[in-house]
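Trainee: For reference, the structure I am asking about is given below.
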Amino acid sequence: MFSKETYITRRQELKKLVGNGVIIIFGNNEAPANYPANSYAPMRQDSSFLYYFGQHRDGLVGVIDVDNDKEMLIGDDIDIEDIVWMGFVDSVSDLAATVGITQTAPMTALKTICDEATHQKRTIHFLPPYRFDTKILIMDLLGIHPSQQKERASLPLIKAIVKMRSTKEPQEIEAIERACEVGYVMHTTAQKLIRPGITERYIGGQVDGIARSLAQGVSFATIFSQHGEIMHGNPSDAKLEAGRLALCDAGCELDDYCSDNTRTMPVNGRFDQRQLEIYSIVEACHDYVLEVAKPGVKYADVHFAVCRLMTDRLKELGLMKGDTDEAVAAGAHAMFLPHGLGHMMGMDVHDMEGLGQIYVGFDEETRPNLEQFGTNCLRMGRKLQEGFVVTDEPGIYFIPHLIDLWRKEGHCKEFLNFDRLETYKDFGGIRIEDDLLITRDGCRFLGKSRIPYHPKDIEEFMNQN
């Protein structure tokens, strides 16, 4: 938690931005994993609730009456049954006081608050729900069926929260830096453990264990796989094989903020020539972002600048051909990079994605292109501003089924050398990812310790005694 004043100031700003009505921000409840008493642990609080109300306890709802300038924390105090099993926790009124709220009420009061606001024909603002218990509660409170709740969610509230959470406060940046330091330990541990014969699952488990030991846990399900061409390749029981590449995409949550990094390593500790050729392209693209990302520049333009650099370099290897600008305009580069350059990051690893990517990653000037393969996965295209935190994660992947499909369809055949691509079907994929802070006149990577990513540095680190 930050200071009481932080949450008071945030709620005051939210009132100004939304302007009127009653704002309801739902906290999360415990979620059962496979039977009611066996919950996913630790419980993950809703990020927007944390941002404005700062409390991790389950079963809480924040209410902000904009018109009457009142704030309330809704929730039931725990009883002796909970205390016996879970230990004592502060009362709802004590929790409220720590974030500058003086009014509290039991959960039964929420229905009365909603009924009165509805009777008075006041706007009730809520965010798009993503948990089924919250959807049922909204239906009980407001009579809106779950199938209609996403479209009935408050656009003024969504836009206000996106505006506020997009620009990180100095204390938030410090929290992300701390998470990045744990991320450094996670990734360098993986690099030290990688060797032929060890399983993907073992290394993935060690990475997860560090996140649980040094932080609140992982910020997303750890990706560790020799099949780097699979974007979300979770660890399997497969043993690592000499001559292959292993991709590790992992991060942690610490003090409610995330890290997110990716590294790709040679299993036997040395890149072969073909791996080095592809790796050097991804490395160049990753580093190029530092030169071009700055306030006022659209991240979509940074993405396509990277795609042009990648295309030029792939042409040198004979994997692509033709005019670079025409190839990128046609989407030929998506054979190798079928996702966007990066996404917002903060309290969520894909920050605020649940509020709607079109509001988080785009604006009135920059709209998503949902028609073109690859470009339709661009999560972040809007103009960068000082204080934004985005990921920089270019990659090159050789996906056998995609190669076969495009060859069969003749898609972008004027820009792709399919005969040469056939020889790379066993390659896998490479991604390099770091977390980028947009500064006053440029950008910088977050985290005081840089996880090795230059080829020589990786080889040196992996082969240390």
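The values are calculated or read from the model by the stated rules, or taken from the named source; none is laboratory data. Quick caveat: nothing in here was measured; it's all calculated off a predicted structure. No Cβ is skipped: glycine too gets one built from the backbone with ideal geometry, and neighbour counts run over all protein chains shown. With ligands, DNA and RNA removed, areas are computed over all heavy atoms of the protein, side chains included. Shrake-Rupley method; radii C 1.70, N 1.55, O 1.52, S 1.80 Å.
Trainee: With a ≥ b ≥ c the root eigenvalues of the C-alpha gyration tensor of the stretch 314-377, is it rounded (a/c under 1.5), prolate (a/b larger than b/c) or oblate?
Mentor: Taking the square roots of the gyration eigenvalues as a ≥ b ≥ c, the stretch 314-377 is prolate.
Trainee: Could you give the semi-axes, largest first, of the ellipsoid that matches the stretch 42-85, computed as the square roots of 5 times the alpha carbon gyration tensor eigenvalues and rounded to whole Å?
Mentor: Values for the stretch 42-85, descending: 24, 14, 5 Å.
Trainee: Next up: With every protein chain left in place, what is the accessible area per residue of the chain in square angstrom, probe 1.4 Å?
Mentor: For the chain, the solvent-accessible area averages 44 Å² per residue.
Trainee: Using the Kirkwood radius over C-alpha pairs as Rh, can you work out the diffusion coefficient of the stretch 248-287 via Stokes-Einstein at 37 °C, viscosity 0.692 mPa s, in µm² per second?
Mentor: 271
Trainee: For the stretch 96-168, give the magnitude of the charge dipole about the Cα centre (Cβ charges: +1 Lys/Arg, -1 Asp/Glu; no others), in debye to the nearest 20.
Mentor: 420
Trainee: Next question, about the same structure. What do you get for Rg/Rh of the chain when both radii come from the Cα atoms and Rh is the Kirkwood radius?
Mentor: Result for the chain is an Rg/Rh of 1.00.
Trainee: In deg cm²/dmol and to the nearest 500, what is the mean residue ellipticity at 222 nm of the chain if only DSSP H runs of at least 4 residues count, each as -39500 (n - 2.57), divided by the residue total?
Mentor: Value at 222 nm, helices only, nearest 500: -12500 deg cm²/dmol.
Trainee: Which Rg and Dmax, in Å, describe the Cα atoms of the stretch 2-121?
Mentor: Over the stretch 2-121's Cα set, Rg and Dmax evaluate to 15.2, 44 Å.
Trainee: Leaving out ligands, DNA and RNA, and with a 1.4 Å probe, what % of the accessible surface on the stretch 298-373 is carbon or sulfur?
Mentor: 49
Trainee: Can I ask one more? Name the residue farthest towards the positive end of the dipole of the stretch 208-303 from the options Y257, G296, I230, assuming +1 on Cβ of Lys and Arg, -1 on Cβ of Asp and Glu, about the Cα centre.
Mentor: Going by the charge dipole, the pick is I230.
Trainee: Okay, next question. Where does the stretch 223-270 land on Rg(C-alpha)/(2.2 N^0.38 Å)?
Mentor: My calculation over the Cα atoms of the stretch 223-270 gives 1.29.
Trainee: Along its three principal axes, how long is the stretch 398-465 when you only count alpha carbons? Whole Å, largest extent first please.
Mentor: Cα extents, longest axis first: 48, 42, 16 Å.
Trainee: How many percent of the accessible area of the stretch 165-246 is carbon or sulfur, using a 1.4 Å probe?
Mentor: Here carbon and sulfur together make up 54 percent of the probe-accessible area.
Trainee: At a Cα cut-off below 25 Å, give the lysines reachable from K321, other chains included and same-chain residues fewer than 8 away excluded.
Mentor: K408, K413, K425
Trainee: OK, next. What number do you get for the stretch 210-360 when its Cα radius of gyration is normalised by 2.2 N^0.38 Å, N = residues?
Mentor: Its radius of gyration relative to the 2.2 N^0.38 Å reference: 1.17.
Trainee: What does the charge dipole of the stretch 306-465 about its Cα centre add up to, to the nearest 20 debye, if the Cβ of each Lys and Arg holds +1 and the Cβ of each Asp and Glu holds -1?
Mentor: Its charge dipole is roughly 200 debye.
Trainee: Dipole size in debye (nearest 20) for the chain around its Cα centre, Lys and Arg Cβ +1, Asp and Glu Cβ -1?
Mentor: Charge dipole, the chain, about its Cα centre: 640 debye, nearest 20.
Trainee: Further question on the same structure: Can you compute 3J(HN,Hα) from phi for each residue in the stretch 94-109, using the Karplus curve 6.51 cos²θ - 1.76 cosθ + 1.60 with θ = phi - 60°, rounded to whole Hz and x for Gly and Pro?
Mentor: 5, 4, 4, 4, 5, 10, x, 10, 9, 9, 9, 7, x, 4, 5, 6
Trainee: Please report how far the C-alpha centroid of the stretch 364-419 lies from that of the stretch 137-181, rounded to the nearest whole angstrom.
Mentor: 27
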